[in-house]
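These notes concern the structure reproduced below.
Nothing in this text is a laboratory measurement; each read-out follows from the coordinates by a stated rule. Given the structure is predicted, the values throughout are model-derived calculations rather than measurements. Don't worry about glycine lacking a Cβ; one is built from the backbone with ideal geometry, like all the others, and counts go over all protein chains shown.
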Amino acid sequence: MQGPRTRGAKQPGRRPAGGVSPNGDGPRGIRVRSVKPKQSVALGVVDYTLAKRALLRDWRHGLVTRLDICDAHPELLRAARYLGEELHSPCPVCRNYELRLLAYVYADGLKQNNGRAFEVSEAKALAAERRGGAYVVEVCTYCSWNHLSAAFHARSAV
Ligand SMILES: [Zn+2]
């Protein structure tokens, strides 16, 4: 199954949320840190929290509409319902407790599983094992809000 595209994650022709790219080379709102998972390959992390805040601020100031930010593809909503890890915090848009986290993995050798939705822990393990990337997406299954939350990339062990 090909994973649906989400805001901030490789959408050609669309401005990535907060002016950042999934590669973490955006001009602002990016914090990069390194974590050492159970796997032997370390994963670098790009945190998109500040980019999310900037987009939500734009929405509150009327620079983008709710339709612009609550546009999750039906496949993304379906994957979030069945694979998504529940977050115990309210949606930043509709305030309902329907937020889920799930992840998409891209790596050499994944073949038909490239871009498939996974549970976050499984996606990170797969990215480390296959030396690829896992893109964690926050989705509200009530209002369709969605945003790239973090990107994990395999890097050489130190
Ligand atoms: Zn919502």
Could you work out how much longer the chain between L50 and R131 gets when fully extended? Use 0.36 nm per residue separation minus the Cα distance between them, nm to one decimal. 26.5 nm
Loop-located chymotrypsin sites (Phe, Trp or Tyr not before Pro) in the range 61-111 whose Cβ has at most 14 other Cβ within 10 Å (DSSP): Y97
Could you tell me whether the range 86-141 comes out rounded, prolate or oblate from its Cα gyration tensor? Rule is a ≥ b ≥ c as square roots of the eigenvalues, rounded for a/c under 1.5, then prolate if a/b exceeds b/c, otherwise oblate. prolate
Counting only DSSP loop positions in the range 76-158, the GluC sites (Glu not before Pro) whose Cβ has at most 15 other Cβ atoms within 10 Å are E119
Cut-off is 10 Å between beta-carbons; in what order do K111, K52 appear when sorted fewest neighbours first? K111, K52
Using the number of other C-beta atoms within 10 angstrom as an exposure proxy, rank V137, V64, V120 with the fewest first. V64, V120, V137
Simple label model, 7 Å out from Cα along Cβ direction - D108 to Y82, nm: 3.1 nm
